[in-house]
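Chemist: What follows is a single structure, and I will ask about it in a moment.
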Amino acid sequence: ARLRSVILGAMKLLAPAYGYPSQSRSLWDGLLDCADLLGHVIINPGSGPGVVRDPVWNDQIGALGDRGVSMLGYLDLGYSRKPVDVLVAEASTWERWYGILDFFLDCAPSSDLPRTARVVDDLRMSARAGTLVANAGTAVVPAVAAHFDAVVEHEGLPHHEAHAAVALSPAEERDLGQLSSLVIPGRSWIVYGADKDAALSTLRRARAQGVDQIWITDLEGGNPYRDLPSYWPWLLGALAEESDAGLLGA
């Protein structure tokens, strides 16, 4: 199923929750309390499923599942460097240990179509993967994006310009023209280091550009996803506003 919101403007949160559950309770409790605003929560025990099944993570995943929250297991594609059989094995471990079949594919290539097609086909056939959300950290060539259910078009500091599409070569333009059944996937942004003013402008821009899922935080450093942003209650209120009124209005 595609990730396009049924109601226009119903933007959801894509939460990269990278704090260990027993040490980051404010993060996990906050997410549990706003289940209706969550699109997906990214689960990441150790740049993947980790080396052993962790009962702490298992309990947290169960709590999210009880609230009806959709979760993505973290997989690192290594910008086309990671062997496909390793990725398939990690995906199978996610299912075996935590029952997760949907994945967040970090460090995804933005323009490597042959590699992308192979990775996606192998994950879907060999590991029974469901929803696949790819994060290249930047805009992705449309023919590559079409293999995924959603793409993260930007991960980083607040983007002050419009998100431009990847420039295509003449050959890529020709190939794209032949994809008559191309499906446009869901669109997501992940933004860190954004104060409240930057967060508001980012939300407005994201809504205007049709972004489906978003994460915005003022945290920075090696892991800006270790906790909730300092303006968490405000952010939830902004997302809950109607698209034509309140904080997100023109």
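Chemist: If I model a spin label at Ala63 and Leu157 as a point 7 Å from the Cα along the Cα→Cβ vector, what separation in nanometres do I get?
Modeler: Once both label points are built, they end up 3.5 nm from each other.
Chemist: Can I ask one more? Percent of accessible area on segment 38-119 owned by carbon and sulfur, 1.4 Å probe? Don't skip to the answer; put the middle values down first.
Modeler: Details: 1710 of 3410 Å².
Carbon and sulfur: 50 percent of the exposed surface of segment 38-119.
Chemist: Can you work out the accessible area per residue across segment 1-117, with the rest of the protein chains kept in place, probe 1.4 Å, in square angstrom?
Modeler: Details: 5160 Å² over 117 residues.
I get 44 Å² per residue for this part.
Chemist: Contour minus end-to-end for Val52 and Leu236, with contour as 0.36 nm per residue of separation and end-to-end as the Cα-Cα distance?
Modeler: Details: separation 184, 0.36 × 184 = 66.24 nm, distance 3.45 nm.
Gain in length upon complete extension: 62.8 nm.
Chemist: Among DSSP beta bridges whose residues both lie in segment 14-104, state the antiparallel percentage, nearest 5. Present the calculation step by step, with values, prior to reporting the outcome.
Modeler: Values: 0 of 9 bridges.
Just about 0 percent of them are antiparallel.
Chemist: State, to one decimal in nm, how far the label point of Arg204 lies from the label point of Asp36, with both points 7 Å from Cα in the Cβ direction.
Modeler: Each label point is offset 7 Å from its Cα along the Cβ direction, giving 2.7 nm.
Chemist: A follow-up question, please. Using a simple charge model, +1 on the beta-carbon of Lys and Arg, -1 on the beta-carbon of Asp and Glu, nothing else, what dipole does segment 34-147 show about its Cα centre, in debye to the nearest 20? Don't skip to the end; give the middle numbers.
Modeler: Numbers: 9 positive and 13 negative charges, 47 e Å.
It comes to approximately 220 debye.
Chemist: On to the next question. Hey, rough spin-label estimate for Ser70 and Asp197, points 7 angstrom out along Cα→Cβ, what's it come to in nanometres?
Modeler: For Ser70 paired with Asp197, the spin-label model returns 3.6 nm.
Chemist: Another question, if that's okay. Please list log₁₀ I(q)/I(0) at q = 0.09, 0.12, 0.15 Å⁻¹ for segment 1-136, using the Debye equation with identical point scatterers on the alpha-carbon positions.
Modeler: Log10 I(q)/I(0), no solvent term: -0.26, -0.47, -0.73.
The values are calculated or read from the model by the stated rules, or taken from the named source; none is laboratory data. Keep in mind it's a predicted model, so treat the numbers as computed, not measured. Positions of Cβ are generated from backbone atoms using ideal geometry, with glycine treated the same way; all protein chains shown enter the neighbour counts. The area values use the complete protein model at the heavy-atom level, side chains included, leaving out ligands, DNA and RNA. Shrake-Rupley method; radii C 1.70, N 1.55, O 1.52, S 1.80 Å.
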